[in-house]
Structure formats: C-alpha cells, structure tokens
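The values are calculated or read from the model by the stated rules, or taken from the named source; none is laboratory data. This one's a predicted model, so the numbers in the text were calculated from it and none came from an experiment. In this analysis, Cβ positions are derived from the backbone assuming ideal geometry, glycine residues included, and neighbour counts consider all displayed protein chains.
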C-alpha cells in the first residue's frame, strides 16, 4: 500500500504548472485534493512518474461571482460549498449537493475541479456541471480553450482533457429567482458512491415550467441530460403524472452500468425514483 | 528512487524537520520519522479514517496526503490532545462513555471529533452522527462514540 516513487513538483504559479505539464504531461499528473488519485497510487493502479502539486498556487483558490457566472478555481475544495458561497438560487443549491460528497475529511481536501478532471461516474459535481451545462476552462502552453460537458465527458474516468492540459476553472451560470432546484441521490451507506442520482433545475412562470434541465448521474458511465423528459416537462404544470412520466423516460433513456453494486434493472428503478424525488423537491420549494 | 526532500512542519506545537521521499505519506512520516505512533493506519486508501489528523485545523486522512505537502503546515495528532497530564475532554468522555473497545480506531475518531467540534461547537446530534460516519469502528457499534462526543461537546461549551 505504498505508491511507486515519483518526482514531486510544487509550482507557485499557473504558468509554472502548465510549463511542468508540457514537460511531464504524458508521465505526469496534477495533484489537487488527492482524494481519488492518492488511493489509486497507493494501490499502484496509478503510477505517475511525476506529480505536479497545485496546492501552493494561491491564485487557483477562489469561488466568485463574475459576469453572471459563478467561477470556481481549481483549488476550491468541496467543504467550501457546504454553506452557500454567495446569495441566490445556485449558491443555495450547491450545499444540498455537497453534503453527499464523501465525508468531512474528504470534503476538506478534495476539489470541485478535481472531481470534474477525475470524471468518476458517481461524482456529484460532474452531474451538476452536466445539468447546468457548465463552461470548463482549460489551459496549456498551447493556449486556452473552453469546453462544455457534452464534449468533455467521454466515459468512466475518461475525458477529452489532454495530458498537457490543466482544468483551471469551472463556470456555472447564475440562476435568478424564477429557477427552482432539486437533487436526490441513493447510496447504500452515508458518504458512499452514488448508485444513482438526479438533478432538476426548472424555471417557472405563473405555475408553468418554461425551461427544464434534468440530469442523471451515477447510473451510467457518465452523467447525462434527459432531453425527452426535459421536453415533456417544458410547458407543463409539473403535476404528479408529468413527474411520474419524466421518471419513466429517464429510466429508459440511460444505459445503466452493471456491476457488483447494482444490476441494470435495479439502477433503472433507482433512476426512476431519484428523478421523481429531484423534480418533486424542485416543484415544492 | 526519487530524491529525499526536507519537510519542516509543526507537530503538536513542536517544529520539526524531517527528510523524506516524496512518496512518504504524512501518516508514515508521523509514525516513522517523528516517532508519533498514536496515528494509526488501517486501510491506507482513505476509507477507514483511522489515520485522521488535523492539518491547519482541518481533519484530513493522513494516508492520502504526502508529507512533502505538509511543509509549512501545522499538524495535530492524538499525542497533542492531552495537556499537562490531563486528558482532553474528548478523551475523558470516550473513557467515561465507553467510546472505545479495542482502541485501534480511537485516535482517528478523537481527531475527527476534535476537528468537527472546532468547526461547530454546537453541532446537533443528527449532523454529528453524519459527520462521524466518516470513520469506521468494528467494536463499539458507534452509539457510544456518538454519546462520548456529545458529552465532550457539552463539557467543552461549559
């Protein structure tokens, strides 16, 4: 249970970090919170020859509102989202998600961007980023690029992030008071990996849903939006029949993982239930 | 083997400099290089919480942090809880309320609880139960650990 030897770098600036990545990218790895990478290294499933530790780059440690967006720097840790990071609907939504992430000591180290870079199918933040169509700001010595989740998540623990690239910032669009949110997750034990989860973000006008974003995670190899259910919800009053049908659509739409934790049939059932719970939460607030 | 590096940090108020390989975990550094064997290692992959210590007042799994990352940090371990021959209120409460049996998980639980109560001295029982679920204990069934931490919290608020 000891990692293989590696070279250790602790850059103080983003420029220094992306220079190191350009130099060591194929053999190297960014170390942020380390709550997924270090266990994998201890098991020797991951054997990076170089670690580029970004924990000493103060410039990456921020969460701030700017230009209608919540900007989350690469060092913002999960625990920071346990209480609202700002005012407004989005800032109130994130604590309800954050409490499902691992346990307190894990939340004190692990980072929002690190979760997105790791792309575990059971990651709450990956689901949030997908549901809210986050902008992912990526940097390398080759330049900067911004991508959306649908062109980023490529499968379990697999993304389109290149070895020389740093996921520097996540941007979530702020939600005004006409939006309602809901989040539901099922795992067998507190803090355990989710077997299924759902996020619902709805805009209401005069009691009708005028915009719907529904995301499902934990059940398939990557989080996804359920377009057919969003279409059903939009224009409706979000009544019990609609909510029930949205759950059915989501359960059929996904391609569930099958592993020792849950069969595909069970995962579809969980998705159905989580979607209904998330929608009901959003609609009753 | 990659080169050893100097790490200078404060452990329970004492400044120490150790020389370690980058792959040395903080847990191993505390045990092997500082001689502080109160921090226990259970799973070594961040599940059991036996190795929980406070780094700059935050509870962390010391098996998931490299010692080199703690350079300049303030680390507190179970050895730093008692002061002047007197048990810390948490330790006394674990004794009084049978918060331990074999004792293997106890240092981790004590440091986790210390971290929790420093964040929120008035933490309510349901939230405390949730927070304590971070660590594993195979003896007590957790109920007495919960009881102990609640008693200590009460004592520390007085």
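Condition test on residue A:15, is it surrounded by fewer than 21 Cβ atoms within 10 Å (Cβ to Cβ), closer than 17 Å to residue A:74 by Cα and free of Cβ contacts under 8 Å to residues at least 12 places away in the same chain? Outline the logic, then answer.
On the way: surrounded by fewer than 21 Cβ atoms within 10 Å (Cβ to Cβ): yes; closer than 17 Å to residue A:74 by Cα: yes; free of Cβ contacts under 8 Å to residues at least 12 places away in the same chain: yes.
Criteria met by residue A:15.
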Do the conditions hold for residue A:226, that is, is it surrounded by 19 or more Cβ atoms within 10 Å (Cβ to Cβ), over 23 Å from the mean Cα position of the chain (by Cα) and at pLDDT 95 or above? no
Pull up the range B:55-73, narrow it to residues that are without any contact (Cβ under 8 Å) to a residue 40 or more places away in the chain and surrounded by 24 or more Cβ atoms within 10 Å (Cβ to Cβ), then point me to the one that is farthest from the other protein chains (Cβ to nearest Cβ). B:62
Identity of the residue in the range A:54-80, touching a residue at least 60 places away in the same chain (Cβ under 8 Å) and assigned to a loop (DSSP other than H, G, I, E, B), that ends up surrounded by the fewest Cβ atoms within 10 Å (Cβ to Cβ): A:68
Here are some conditions: (1) touching a strand residue (DSSP E or B) at 6+ places or on another chain (Cβ under 7 Å); (2) within 14 Å of chain B (Cβ to nearest Cβ); (3) closer than 20 Å to residue A:108 by Cβ. Residue A:73 meets all but one. Which one does it not meet? (2)
If the requirement is being farther than 16 Å from residue A:133 by Cα and either part of a strand (DSSP E or B) or assigned by TED's automatic domain parsing to the domain that holds residue A:30 (or both), which of these qualifies: A:201, A:210, A:216, A:243? A:210
Looking at (1) under 30 Å from residue B:126 (Cα atoms); (2) in a loop (DSSP other than H, G, I, E, B); (3) out of contact with any strand residue (DSSP E or B) (no Cβ under 8 Å at 6 or more places or on another chain), which is the one condition that is false for residue A:100? (3)
Among the residues of the range B:74-94, is there at least one that is closer than 29 Å to residue A:50 by Cβ and either more than 10 Å from chain A (Cβ to nearest Cβ) or at pLDDT 95 or above (or both)? yes
Within the range A:205-218, restricting attention to residues that are in contact with a helix residue (DSSP H, G or I) (Cβ under 9 Å, 6 or more places away or on another chain) and without any contact (Cβ under 8 Å) to a residue 60 or more places away in the chain, which residue is surrounded by the fewest Cβ atoms within 10 Å (Cβ to Cβ)? A:211
Of residues in the range B:14-54 being more than 8 Å from chain A (Cβ to nearest Cβ), touching a helix residue (DSSP H, G or I) at 6+ places or on another chain (Cβ under 6 Å) and in a strand (DSSP E or B), the one farthest from residue A:12 (Cα to Cα): B:53
Of all the residues that make up the range A:18-46, how many are more than 21 Å from residue B:28 (Cβ to Cβ), surrounded by 16 or more Cβ atoms within 10 Å (Cβ to Cβ) and within 25 Å of the chain's Cα centre (by Cα)? 6
Residues (without any contact (Cβ under 8 Å) to a residue 40 or more places away in the chain and either away from chain B (no Cβ under 13 Å) or in contact with a strand residue (DSSP E or B) (Cβ under 7 Å, 6 or more places away or on another chain) (or both)) located in the range A:18-40: A:20, A:23, A:24, A:27, A:29, A:31
